[in-house]
Each structure stands twice: as structure tokens, then as C-alpha cells.
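Visitor: Would you mind keeping the following structure in view while I ask a few things?
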Amino acid sequence: MKPFALYGDHIWMDTDSALQLMPESFGICDGSGRCAGVFKTLPRAFEGISVRDLRGHLIVPGYIDLHTHAAQYRNIGLGMDHQLIDWLSDLTYPEEARFADPAFARTVYGRFAAELKAGFTTRAVIFASAHTEATSILAELMEETGLISYIGRVNMDRSAPDYIREPDAASAVAETARWLEAESGRHARTHPILTPRFIPSCTPDLLEGLACLREQYRLPVQSHLDEQPEEIEWVRELCPESVSYAAAYDRYGFLSGRSVMAHCIYMTDDEIGLMKERSTFIAHCPGSNANVRSGIAPIRRYLGEGLSVGLGTDISGGSSLDMADAVRDALAASRLLWRLSDDHPKHLSAQECFSLATAGGGAFFGRVGRFEPGYEFDAVAVDDTRWAWPGDDLSTRFEKFIYNARSGDVKAKYAAGTQIL
Ligand code: GUN
Ligand code: FE
């Protein structure tokens with residue numbers, strides 16, 4: 001890769017959690033896909049490199065979607081009068097079952113990948129379905145977009161109808177191993193992630209088998225945790241030996257290493273302590289949490305406790321695959337929680353929600369989400385003429401960007417230095 005620069009108005013959160021605003025600047029990507037810094041003039045070492053002129057555009061780090069379900073793409077907007085458990089059985093499982101048909105999967109996943117490619121997202125952590133072939137098709141289509149992603153074949157061998165449930169733990173583990181063998185080394189930018197759906201849908205034998213595969217293939221893991229009170233009660237009944245829902249995952253090592261748990265709304269003090277000790281990532285999915293009537297995760301508290309948090313769209317619990325909506329939803333949820341709860345400290349700011357979408361989720365992928373030397377060069381250029389007015393300074397344009405931007409405003413995009421748009 002040859003080094004290059006983008007010229008425009010750069011904005012990012014630095015490592016000290018300060019918003020950096022650099023109008024009319026050069027963001028440089030070195031020959032290894034990493035950021036070399038943002039400069040007012042091109043440094044001598046980079047004189048003569050190619051410069052993409054994005055004058056007048058905002059340039060921000062790509063957004064990281066830390067949790068979403070590709071196999072629920074067609075269901076966006078359906079069943080929003082259901083609680084989680086009924087929503088899964090009445091809407092989600094019947095839809096996911098259709099991915100047994102590879103032609104159907106190719107059509108739906110093609111549209112899912114195209115929408116992700118066009119918007120703010122440069123990286124995503126994705127649930128597919130329980131079907132190996134369809135999951136491989138999703139990986140192939142995501143690889144073609146140039147985005148960077150983790151994709152999981154979903155595991156479930158209990159508490160689901162026969163038409164979607166894997167017959168038993170042994171065959172689920174064997175099929176997951178077959179999938180991992182097929183995926184191994186197949187793509188440069190798309191990687192497998194171990195995906196036990198959630199504790200209620202996985203027997204102890206399955207979790208144990210997956211833990212062995214995880215060790216063998218050195219995989220990250222994704223699942224759901226503490227989304228609704230009824231679900232938590234169900235886990236308590238299913239796992240009397242574990243002191244908490246988080247502890248039920250921890251028995252198998254699923255909070256450690258690289259692990260992301262979606263939702264985490266109702267965590268006890270013990271669970272927070274455990275997640276902190278294990279450096280588990282939280283995928284905060286405020287849109288989904290409103291639609292499925294799950295609640296509001298106390299993200300301000302989690303950040304104060306030092307937990308790692310990013311944002312997820314969680315379609316089709318969530319009703320938008322656009323991460324710009326996730327940022328706004330996170331802001332709205334935090335403000336409402338602050339209003340409604342006497343003991344909740346200050347709500348999140350726009351800058352903090354922007355930080356969750358970029359550096360917060362980016363940390364799951366390594367050094368990602370900031371325009372700082374050594375960080376991977378993920379960048380999105382945004383045309384803000386729809387809402388900016390002459391005389392607006394960059395700070396004003398940033399505030400307006402948070403509330404106005406949608407995926408159609410994205411005009412250029414790079415992930416790890418590779419041009420996507
Ligand atoms: N818990 C288990 N599966 C799911 C799912 O598909 N979506 C959500 N929101 N929660 C889940
Ligand atoms: Fe989910």
C-alpha cells in the first residue's frame with residue numbers, strides 16, 4: 001500500500017478523551033494502513049504522496065458496530081410489541097430458519113452488506129444464523145465490501161424449536177468445527193467469532209465444547225447478557241450453580257480474552273466487578289433496548305467503573321443499521337435515564353457517545369478509532385452541507401453532525417487504509 005493523505009476537516013477523540021478539531025488538515029495513512037497523524041501542512045517525509053481532496057467535508061474515524069444480526073435484516077420494524085423471549089420465538093427464529101436456503105441468504109446478506117458498505121460503519125461484529133453455508137456466504141459478501149468484520153455461526157441446542165435448534169451439543173460442536181476449518185485463512189478482513197447465542201439456548205455440554213474450540217482456534221467470542229429481567233430469571237433457573245448470568249459465561253472462560261457481550265442492562269455489582277476483571281467488552285444497543293422494551297443500560301456508571309463499552313445497532317431488535325442513529329439513541333437513552341433516576345450521575349455527552357462509536361468499539365479490534373499515530377486508518381468523509389451554515393466553526397459543525405448525519409451523507413470511506421468509497 002502506498003502512503004496517502006485525505007484533505008478535509010478532521011475530528012476525533014484523542015487518548016485523553018478530548019475532542020480534537022483540525023480544520024483544513026491532512027490526515028495521513030502510511031504504507032501499512034496506519035495513521036501517521038493529522039497535520040496542517042504535509043510533513044517533509046510525506047511530500048509528494050497522493051492527496052484526496054475532500055475540502056469542506058468532515059472527516060471522522062469510522063464507526064464500529066459492535067453487535068448486530070445480519071439474519072434479522074428483513075425483520076427490521078417487525079414485532080416491536082413483543083418482549084424478548086416471545087419476539088425470539090414468534091419472529092426471529094422463523095426468519096433465521098430461512099437461511100437454510102443459500103440462495104435466500106445470498107439475496108438478504110447482499111443487501112445487508114451493501115447497506116453497511118454505504119454508511120458510517122468501517123468494522124462490525126455480526127451474528128449470522130445457525131447455518132454453516134449461509135454464514136460462509138455472509139463472510140464472502142462482507143469481504144467484498146472491504147469492511148473489517150467478525151462473523152459468527154450461531155450456536156443453540158436448547159430452548160428453541162426443532163426447525164432451528166441444533167440436534168445436540170456434539171453435532172453443534174462438530175458443525176462449528178467444520179465451519180471454522182472452512183473459514184480458516186479464507187479471508188483477509190473477515191474473521192470467525194465464536195457465537196453461543198445466549199445461556200438459555202446453549203446446554204452446558206455445548207458451552208464446554210465451544211470453550212475447547214475457542215482454545216484450539218484462538219477465537220474471540222460474542223453473546224448476549226442481562227438484557228431483560230425475565231431472561232435473567234430464566235438463567236437463574238437454568239444455572240443454579242452460577243451466582244449470576246455473567247458467572248454462567250465465566251465458568252467457560254467466555255468473558256475473558258476478546259469477548260463482547262451485548263446489552264448488559266441489569267448488571268449486579270458482582271457482575272460489573274467480574275467484567276472489569278476479565279476486560280469484557282459491552283455492546284450497548286440503545287435502539288434495540290427501547291424497541292424490545294428491555295431498559296436502559298447505565299453506561300455512565302460502567303465508564304466510571306472502567307469497563308470497555310462500544311455501540312451496537314442490534315438489528316432487528318434495533319430498527320436501524322445506521323450507526324449514526326446508534327449514537328443519537330445512546331444520547332437519548334442516557335438523558336432519559338438521568339431524568340428518571342435520582343441516583344444516576346450526569347448523562348453522557350455527544351462527544352462521549354461519538355467516542356463510544358469510534359474508539360470505544362474500536363478497542364475490540366486493537367488500535368482503532370482515533371486519528372493518532374499507530375492507529376489503523378479508518379476514516380469516513382461526510383458532506384455536511386445539508387445542515388451546516390456559512391460561518392459555522394468546526395465545533396458547531398460537529399454538534400450538528402451528531403444530530404443530523406445519516407448514512408447517505410457519507411462520501412468517502414477507508415478501513416485500515418483500504419478505500420471502500
Ligand atoms: N438474545 C438472544 N438472542 C437474541 C437476539 O437475536 N436479539 C436480541 N436482542 N437478544 C437476544
Ligand atoms: Fe443481539
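The values are calculated or read from the model by the stated rules, or taken from the named source; none is laboratory data. The structure displayed is predicted, hence computed values, not measured ones. Don't worry about glycine lacking a Cβ; one is built from the backbone with ideal geometry, like all the others, and counts go over all protein chains shown.
Visitor: Going by the structure shown, is Arg293 within 16 Å of ligand 1 (Cβ to nearest atom) and either of a type in the set (Lys, Arg) or at pLDDT below 95 (or both)?
Guide: yes
Visitor: Ser320: farther than 21 Å from His10 by Cα, among the hydroxyl-bearing types (Ser, Thr, Tyr) and either within 16 Å of ligand 1 (Cβ to nearest atom) or touching a Gly at 6+ places or on another chain (Cβ under 7 Å) (or both), yes or no?
Guide: Judged against the criteria, Ser320 is a match.
Visitor: Within the set of pairs 6+ apart or on separate chains, which have a first residue in the range 1-28 that is within 13 Å of Ser395 (Cα to Cα), a second that is acidic (Asp, Glu) and in a strand (DSSP E or B), and C-beta atoms under 8 Å apart?
Guide: Asp9/Glu24; Leu21/Asp9; Met22/Asp9; Pro23/Asp9
Visitor: Right, next: Which of the strands (runs of 3 or more DSSP E) found entirely inside the range 1-117 contain at least 1 residues meeting this: away from ligand 2 (no atom under 16 Å from the Cβ) and farther than 28 Å from Ala326 by Cβ?
Guide: 4-13, 19-29, 35-39, 50-61
Visitor: Among the residues of the range 301-317 satisfying the criterion of being outside any loop (DSSP other than H, G, I, E, B) and surrounded by fewer than 17 Cβ atoms within 10 Å (Cβ to Cβ), which is farthest from ligand 1 (Cβ to nearest atom)?
Guide: Only one residue tops the list, namely Gly304.
Visitor: Just a yes or no: is a residue in the range 155-170 part of a strand (DSSP E or B), farther than 18 Å from Asp65 by Cα and touching a helix residue (DSSP H, G or I) at 6+ places or on another chain (Cβ under 8 Å)?
Guide: Yes: one or more hits.
Visitor: Which count do you get for residues in the range 270-285 that are crowded, with 21+ Cβ neighbours inside 10 Å and either away from ligand 1 (no atom under 12 Å from the Cβ) or without any contact (Cβ under 8 Å) to a residue 24 or more places away in the chain (or both)?
Guide: 6
Visitor: Just give me the residues in the range 113-139 being farther than 19 Å from Leu219 by Cα and either of a type in the set (Lys, Arg) or touching a Ser or Thr at 6+ places or on another chain (Cβ under 9 Å) (or both), in sequence order.
Guide: Ala113, Ala114, Glu115, Leu116, Lys117, Ala118, Gly119, Phe120, Thr121
So that you can scan it fast, the table gives a plain yes or no per residue for (1) of a type outside the set (Gly, Ala, Ser); (2) within 13 Å of ligand 1 (Cβ to nearest atom); (3) modelled with pLDDT under 95:
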| residue | (1), (2), (3) |
| --- | --- |
| Tyr63 | yes, no, no |
| Thr68 | yes, yes, no |
| Ala71 | no, yes, no |
| Asn75 | yes, yes, no |
| Ala100 | no, no, no |
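Visitor: Just wondering, is there one or more residues in the range 224-243 that are of a type in the set (Phe, Trp, Tyr), under 26 Å from Ala169 (Cα atoms) and touching a helix residue (DSSP H, G or I) at 6+ places or on another chain (Cβ under 8 Å)?
Guide: Yes, the conditions are met somewhere in the range 224-243.
Visitor: Restricting to the range 259-269, and then to whatever is away from ligand 1 (no atom under 13 Å from the Cβ) and of a type in the set (A, V, I, L, M), can you tell me which residue is surrounded by the fewest Cβ atoms within 10 Å (Cβ to Cβ)?
Guide: Val260
Visitor: Hey, another quick one. So, of the residues in the range 298-354 that are in contact with a Leu (Cβ under 8 Å, 6 or more places away or on another chain), of a type in the set (S, T, N, Q) and within 16 Å of ligand 2 (Cβ to nearest atom), which turns out to be nearest to Gly408 (Cα to Cα)?
Guide: Only one residue tops the list, namely Thr313.
Visitor: Let me ask something else about it. Do you know which residues across the range 181-212 are within 16 Å of ligand 1 (Cβ to nearest atom), part of a loop (DSSP other than H, G, I, E, B) and touching a strand residue (DSSP E or B) at 6+ places or on another chain (Cβ under 9 Å)?
Guide: Ile193, Arg197, Phe198, Cys202
Visitor: Turning to a different aspect of this structure: Could you pull out the residue among Asp53, Asp86, Asp81 that is modelled with pLDDT under 95 and of a type in the set (D, E, K, R)?
Guide: Selected residue: Asp81, the only one of Asp53, Asp86, Asp81 that is modelled with pLDDT under 95 and of a type in the set (D, E, K, R).
Visitor: Scanning the range 213-264 for residues that are part of a loop (DSSP other than H, G, I, E, B) and aromatic (Phe, Trp, Tyr), which turns out farthest from ligand 2 (Cβ to nearest atom)?
Guide: The qualifying residue farthest from ligand 2 (Cβ to nearest atom) is Tyr252.
Visitor: If I go through the range 226-252 residue by residue, how many of them are within 17 Å of Met275 (Cα to Cα) and touching a residue at least 40 places away in the same chain (Cβ under 8 Å)?
Guide: Number of matching residues: 7.
Visitor: Then there's this: Kindly indicate the residue of the range 351-398 that is assigned to a helix (DSSP H, G or I) and of a type in the set (D, E, K, R) and also nearest to the chain's Cα centre (by Cα) among those meeting that condition.
Guide: Glu352
Visitor: Shifting gears a bit: Which of the following residues is touching a Phe, Trp or Tyr at 6+ places or on another chain (Cβ under 9 Å) and at pLDDT 95 or above: Ser129, Ser171, Ser149?
Guide: After applying the criteria, what remains is Ser129.
Visitor: What residue, of Leu6, Leu42, is farther than 30 Å from Pro220 by Cα, away from ligand 1 (no atom under 14 Å from the Cβ) and surrounded by 22 or more Cβ atoms within 10 Å (Cβ to Cβ)?
Guide: Leu6
Visitor: In the list Tyr266, Tyr252, which residue meets the criterion of being hydroxyl-bearing (Ser, Thr, Tyr) and within 30 Å of Arg218 (Cβ to Cβ)?
Guide: From the options Tyr266, Tyr252, the qualifying one is Tyr252.
Visitor: Any chance you could count how many residues in the range 104-134 are over 19 Å from Thr92 (Cα atoms) and among the hydrophobic types (A, V, I, L, M, F, W, C)?
Guide: Here the count works out to 6.
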